[in-house]
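Only one structure is covered here, and it is reproduced in the block below.
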């Protein structure tokens, strides 16, 4: 088991040092759902694969100017246990939507039964589906976690094996996050796929007049269409997976999509508009004398 995992770590490390020889990830999905997909199509795919899944919708409000829309911004699926792998105790899929009813972000969290699922098998399955990752971090000393990222941009990657950062040579830990954009990309992906998704705040972050918005959009676009996977595992020498988290977002298109939020509201038939005040309210007979 140790040799199997070590072989994968070395392969991932070699990939990060020779990215020009790798093929970029193309048209990724999680359970068949892709960013930009119409809501009805995404729901149909999940329903067909997991017909007995329990769903929970989260409603968010988008108020821009006089336009106001309450819509299902996220739908969470507790996937049908009858179709879950015997190695998995819980499998939750969360889809995040824009007001135009298209998929913005996809997040899947799997909890594995103790001692049943090996990390190396998960990484092998991911590699078979998406190819070699552009970014790989393996830490067996602190968090007991490996983190992988796939992207269609194929930007330079950074690998961590134990406590050593490697990218063609020794790199100080203080450079982590500046040499490669992928750790930053993961934090931004949570904006779209996390449980606290707020479409109004995401829109404002890209339309801020301070100049920060332009830099943020540029940084998001540098991440491209990205898939982030983090596997938690038991203490060293066991390598049994305990939790797997997957996030898929097309960050290259997210700034454009969010900036078009006003157009989405205009096109959505459920949007309501505040009526301008034309006169002051009249004094009522019930108005108390104070």
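Every number here is computed from the coordinates shown, using simple stated rules; none is lab data. Note that the structure is a prediction, hence the values are computed from the model and not measured. Glycine gets a Cβ as well: all are built from the backbone with ideal geometry, and neighbour counts include every protein chain shown.
Legend: translational diffusion of the range 26-103 by Stokes-Einstein, Rh = Kirkwood radius over C-alpha pairs, 20 °C, 1.002 mPa s; D = 156 µm²/s.
Taking a ≥ b ≥ c as the square roots of the Cα gyration tensor eigenvalues, with a/c under 1.5 meaning rounded and otherwise prolate when a/b beats b/c, else oblate, which class fits the range 243-290? Prolate, since a/c reaches 1.5 and a/b exceeds b/c.
If R₀ is 35 angstrom, what is the calculated FRET efficiency for the pair residue 57 and residue 116, using the beta carbon separation as r and rounding to 0.05? With a Förster radius of 35 Å, E is 0.65. Is the C-alpha gyration tensor of the range 41-149 telling us rounded, prolate or oblate? Criteria: a/c under 1.5 is rounded; beyond that, a/b larger than b/c is prolate, otherwise oblate. Prolate is the answer for the range 41-149, as a/c is 1.5 or above and a/b outweighs b/c. Per-residue packing, averaged as other Cβ atoms within 10 Å, sorts the ranges 111-120, 261-270 into the order 111-120, 261-270, beginning with the highest.
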